[in-house]
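Below is one structure, written out as structure tokens; the observations come after it.
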Amino acid sequence: MDSTSFLSPALAAGLELDGLAALVRGYTVQIASRNGTALGSGVVWHPDGLVVTNAHVVRDPRPVLSVGGAGEFEGRVVAHDARRDLALISIDAAGLVAAPVGDAESLRAGSLVLALGHPLGVALTLGVVHAVTTTRGMPRYIAADVRLAPGNSGGPLVDTSGRVVGINAMIVGGLGVAIASTVVRAFLRDAARSGAVSYTTPLAA
Amino acid sequence: MSASNPASTPASTPAPTTPSVLQSLSDDLAAAVAKASHSLVAIHARRRIPSTGVIWRPGIVVTAHHTIQREERITVTLADGTSVGATLAGRDPTTDIAVLRLNSEVGVPIERAATGAARVGQLVLALGMPGPAVTAALGVVSATGGEWRTWHGGRIDQFIRLDLAIYDGFSGGAAIDASGRMVGLNSSGLARASAMTIPLATVERVAEQLLTSGRVRRGYIGLGVQPVRLPAGVVAAHALPREVGLMVVSIEEGAPAHAAGISLGDVVVACAGEAVADPSELLAALTGDRVGTSVTLRVLRGGAPQDIAVTVGERQTRSDR
């Protein structure tokens, strides 16, 4: 990177991490129940107030979402897929910072990834892809060497450009396991087909 | 765009055109994994999940001894997916190293880093292959040190501890540097809850012995000892080099020490001319090349030193450990 070429690579990497964390924090939301119990995290998928999270996170059909910089919103669960463990929440907001979506297919064992979430405040963890599980050639789960906590559920797994490659869903044998962005796309496609969601602007914002 | 149009799903955001430092680091790490993974194998020699091994030479695989739970019907899956039968060339529980001979001289030997090149803070990846695909974990070298002995008495040429998480397949896998060269053979069996990697020098030495003789010979005299502080007067009177000796608390019936007349309560202060103040030092003095030869134990008996010659036997290793 030209602006940082005079820095040592380690220092430049640190600065980039700072910038990356700020970017990801902008589209990561905290999800709580109406009585204030923290449930997990979510990812702003569309600037018009669509948030993707895990199905197991939305135990409350009217959760409260805190969107960094934009305040608190009452959410409405508009699509729920227990099999894929994904849910889509709609909030009455516009002009939000939506997450750029990455390509889970480009990940390989050893690729650097970050996870951000709200276990207790915002927590960032850095690691590498441990393995990618595929079904019919499509990435389904991304196991990553990142230290997750329960509050990370529904939060983003991010590549080095800040793009979401997965939704963190569980911890298996110490490994963080995320639902691949390819699966999220299929889930959103199904939600759109079923008429559960309608968009005023394309989802590909 | 309306909901009835499924084409409204998001496309991937293109990557920035200027590669960032993190992006190139990520690419380098993934490339290092891809390069080294050609030399990793999955070993089917235990129930649950396969363990990992590393191609050391064509047809030769090194792995962690404790992951090999059966010695017959071993098969190995190479990185390209082919399956090859293998036989156990030998195992050394003291260093947790085992060597397999594949039924054909196949496999790409792993590229190795320079011996002794591990530095604290250096990025390392632990690779495993507990299934068809290689897995990775990232960390740094957290500590290095000199030669040490495992709790089974094996000699490890350099102490290298890694700061990374241990997942399935860690043991028997390779620790590699950021350019994909092996720095050690990973084992979770050498220190509690700590990721240790066995340096290449040790792997080379032990693998060589296992391939030649099927075992690593170690001396045996049949003593159980306990460190004890020696009375200051005794140390001064006999100009002893150490203030601690090893009191004999058990003697195996018929063992070399028994035959040589060592008694319970004797305090061993030297073996073959080397002062010993810790059981590991006594173990260290009983090297494989001393098997069958006579060594002199200097013991304190009734406060007076005596030299007793003991013919060193060979330690039998339970192969099922």
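The values are calculated or read from the model by the stated rules, or taken from the named source; none is laboratory data. Small disclaimer: the values here were computed from a predicted structure and weren't measured. Ideal geometry is used to build each Cβ from the backbone, glycine not excepted, and the neighbour counts take in all protein chains shown.
Report yes if B:GLY169 is out of contact with any Ser or Thr (no Cβ under 9 Å at 6 or more places or on another chain), at pLDDT below 95 and either under 25 Å from B:ALA42 (Cα atoms) or away from chain A (no Cβ under 14 Å) (or both), otherwise no.
Answer is no for this residue.
If you scan the range B:47-66, which residues turn out to be charged (D, E, K, R) and over 14 Å from B:LEU100 (Cα atoms)?
B:ARG47, B:ARG48
All but one of (1) within 30 Å of B:ASP163 (Cβ to Cβ); (2) within 14 Å of another protein chain (Cβ to nearest Cβ) hold for A:ALA79; state the number of the condition that does not hold.
Checking A:ALA79 against (1) within 30 Å of B:ASP163 (Cβ to Cβ); (2) within 14 Å of another protein chain (Cβ to nearest Cβ), the one that fails is (1).
Could you list all residues from the range A:161-181 that are surrounded by fewer than 24 Cβ atoms within 10 Å (Cβ to Cβ) and polar (S, T, N, Q)?
Within the range A:161-181, A:SER161 is the sole residue that qualifies.
Counting only residues that are more than 23 Å from A:ILE179 (Cα to Cα), give me the strands (runs of 3 or more DSSP E) lying completely in the range A:1-104 with at least 3 of them.
Of the strands (runs of 3 or more DSSP E) lying wholly inside the range A:1-104, those with at least 3 residues that are more than 23 Å from A:ILE179 (Cα to Cα) span A:71-81.
Listed here are the residues, each with its yes/no results for (1) over 16 Å from A:GLY155 (Cα atoms); (2) surrounded by fewer than 24 Cβ atoms within 10 Å (Cβ to Cβ).
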| position | (1), (2) |
| --- | --- |
| A:ALA38 | no, yes |
| A:SER66 | no, yes |
| A:GLU72 | yes, yes |
| A:PRO100 | no, yes |
| A:ALA104 | no, no |
| A:LEU124 | no, yes |
| A:THR134 | yes, yes |
| A:TYR141 | no, yes |
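Among B:VAL134, B:VAL206, B:VAL124, which is within 12 Å of chain A (Cβ to nearest Cβ), within 25 Å of B:LEU88 (Cα to Cα) and among the β-branched types (Val, Ile, Thr)?
B:VAL134
Just one of (1) touching a Leu at 6+ places or on another chain (Cβ under 7 Å); (2) at the interface with chain B (Cβ under 8 Å from one of its Cβ atoms) trips up A:ILE142, so point out which.
Of (1) touching a Leu at 6+ places or on another chain (Cβ under 7 Å); (2) at the interface with chain B (Cβ under 8 Å from one of its Cβ atoms), only one is false for A:ILE142: (2).
Quick one: in the range B:252-287, of everything that is in contact with a helix residue (DSSP H, G or I) (Cβ under 6 Å, 6 or more places away or on another chain) and buried (at least 21 other Cβ atoms within 10 Å of the Cβ), which residue is nearest to B:ARG298 (Cα to Cα)?
If we take residues in the range B:252-287 being in contact with a helix residue (DSSP H, G or I) (Cβ under 6 Å, 6 or more places away or on another chain) and buried (at least 21 other Cβ atoms within 10 Å of the Cβ), then B:CYS271 is nearest to B:ARG298 (Cα to Cα).
Restricting attention to the range A:49-87, report how many residues are more than 18 Å from A:SER33 (Cβ to Cβ), in contact (Cβ under 8 Å) with a residue 40 or more places away in the chain and either in contact with a Ser or Thr (Cβ under 9 Å, 6 or more places away or on another chain) or not β-branched (Val, Ile, Thr) (or both).
9
Give me the residue from the range B:21-54 that is closer than 15 Å to B:PRO132 by Cα and among the β-branched types (Val, Ile, Thr) and, out of that set, nearest to the other protein chains (Cβ to nearest Cβ).
Ranking the qualifying residues of the range B:21-54, first place goes to B:VAL33.
When you go through B:LEU190, B:LEU200 one by one, which is the residue that is at pLDDT below 90, surrounded by 20 or more Cβ atoms within 10 Å (Cβ to Cβ), under 15 Å from B:ASP96 (Cα atoms) and under 12 Å from the mean Cα position of the chain (by Cα)?
Matching residue, one of B:LEU190, B:LEU200: B:LEU190.
Given the criteria in contact (Cβ under 8 Å) with a residue 12 or more places away in the chain and among the hydroxyl-bearing types (Ser, Thr, Tyr), does A:SER8 qualify?
no
In the range A:115-132, what count of residues is obtained for those that are assigned to a strand (DSSP E or B) and more than 9 Å from chain B (Cβ to nearest Cβ)?
Result for the range A:115-132: 6.
Applying the selection to the range B:222-241, what residues are at pLDDT 90 or above and within 33 Å of the chain's Cα centre (by Cα)?
B:GLY222, B:LEU223, B:GLY224, B:VAL225, B:GLN226, B:PRO227, B:VAL228, B:ARG229
For B:VAL106, state whether it is surrounded by fewer than 24 Cβ atoms within 10 Å (Cβ to Cβ) and aliphatic (A, V, I, L, M).
Yes; evaluated as a whole, the condition is true for this residue.
With the requirement that a residue be touching a helix residue (DSSP H, G or I) at 6+ places or on another chain (Cβ under 8 Å), farther than 20 Å from A:ALA21 by Cα and either without any contact (Cβ under 8 Å) to a residue 60 or more places away in the chain or at the interface with another protein chain (Cβ under 9 Å from one of its Cβ atoms) (or both), what does the range A:88-104 give you?
none
Residues that are more than 11 Å from chain B (Cβ to nearest Cβ) and without any contact (Cβ under 8 Å) to a residue 40 or more places away in the chain: does the range A:147-166 have at least one?
yes
From A:ALA82, A:ALA131, A:ALA104, A:ALA115, grab the single residue that is within 16 Å of A:MET170 (Cβ to Cβ) and within 13 Å of the chain's Cα centre (by Cα).
After applying the criteria, what remains is A:ALA115.
Of the conditions (1) away from chain B (no Cβ under 14 Å); (2) of a type outside the set (A, V, I, L, M, F, W, C); (3) within 22 Å of A:VAL184 (Cβ to Cβ), A:HIS46 clears all except one; give me its number.
(1)
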